[in-house]
Amino acid sequence: MVSVQSPGAMVRSEEDLGPPWLRPLLGTSFFVPCPAHPHLSKNECNLFCLGCADAAGALCSYCVPAHRNHHVVQIRRSSYHNVIRVSEVGKLIDIAHVQTYVINSAKIVFLNGRPQARPGKGVTNTCEICCRSLPDSFRFCSLGCKVLVDYLPHIFLFLAS
């Protein structure tokens, strides 16, 4: 565990940035053909092993047997963006203040930000990172934007040192 002293005399640790699989999950490319199974049909990578994180990357359904004792989550698509069901991620990390949606009767959150060119008329609340319009009860449009709020102080401290 790495601790960082921030300007407000608050000690922050790597644990503050979420579990070790979170940033690799947010940076992984999904819905591409599996490089390990290029000649098989239905080889689209839409799964992610939380135990192996960035070592495994995105997985297809043919890769899953090698991870049978691991926690594997399914990534889905909505409006051409990657999403995950709240039921899969909500018990593993704090998703408070992240906007949720209901798609096909399942509650989901977007993995990464979806910036808008400009907020619409009358918008009173936007994502703290990408400025996407949000209902008043939320601060972030995605898990990625929430992680950035926790991660940015570490980046600034690193650059200042």
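Which of the residues belonging to the range 50-89 are part of a loop (DSSP other than H, G, I, E, B), under 13 Å from residue 108 (Cα atoms) and at pLDDT below 95?
Answer for the range 50-89, where residues must be part of a loop (DSSP other than H, G, I, E, B), under 13 Å from residue 108 (Cα atoms) and at pLDDT below 95: just 79.
Search the range 109-136 for residues that are free of Cβ contacts under 8 Å to residues at least 12 places away in the same chain and pair each with any residue that is open to solvent by 30 Å² or more (accessible area, probe 1.4 Å) and not in a loop (DSSP other than H, G, I, E, B) when their beta-carbon atoms are under 7 Å apart and the residues are at least 6 apart or on different chains.
123/133; 126/133
Do we find a residue being part of a loop (DSSP other than H, G, I, E, B), more than 27 Å from residue 32 (Cα to Cα) and open to solvent by less than 30 Å² (accessible area, probe 1.4 Å) anywhere in the range 130-140?
Within the range 130-140, one or more residues are part of a loop (DSSP other than H, G, I, E, B), more than 27 Å from residue 32 (Cα to Cα) and open to solvent by less than 30 Å² (accessible area, probe 1.4 Å).
Pick out the one residue from 71, 39 that is open to solvent by 40 Å² or more (accessible area, probe 1.4 Å) and in contact (Cβ under 8 Å) with a residue 12 or more places away in the chain. If you could, list the steps in order and put the result at the bottom.
Working: 39 fails: in contact (Cβ under 8 Å) with a residue 12 or more places away in the chain.
Of 71, 39, the one residue that is open to solvent by 40 Å² or more (accessible area, probe 1.4 Å) and in contact (Cβ under 8 Å) with a residue 12 or more places away in the chain is 71.
Yes or no: the range 25-45 includes at least one residue that is modelled with pLDDT under 90 and in a helix (DSSP H, G or I).
Checked the range 25-45: no residue is modelled with pLDDT under 90 and in a helix (DSSP H, G or I).
Go through the range 93-127 and give me each residue that's crowded, with 17+ Cβ neighbours inside 10 Å and in contact with a helix residue (DSSP H, G or I) (Cβ under 8 Å, 6 or more places away or on another chain).
The answer is 95, 98, 108, 109, 110, 111, 112, 113, 127.
The values are calculated or read from the model by the stated rules, or taken from the named source; none is laboratory data. Please read all numbers here as calculations on a predicted model, not as lab measurements. Virtual Cβ from ideal backbone geometry, glycine too; neighbours counted across all protein chains shown. SASA here: full protein model, heavy atoms, side chains in, ligands and nucleic acids out. Shrake-Rupley method; radii C 1.70, N 1.55, O 1.52, S 1.80 Å.
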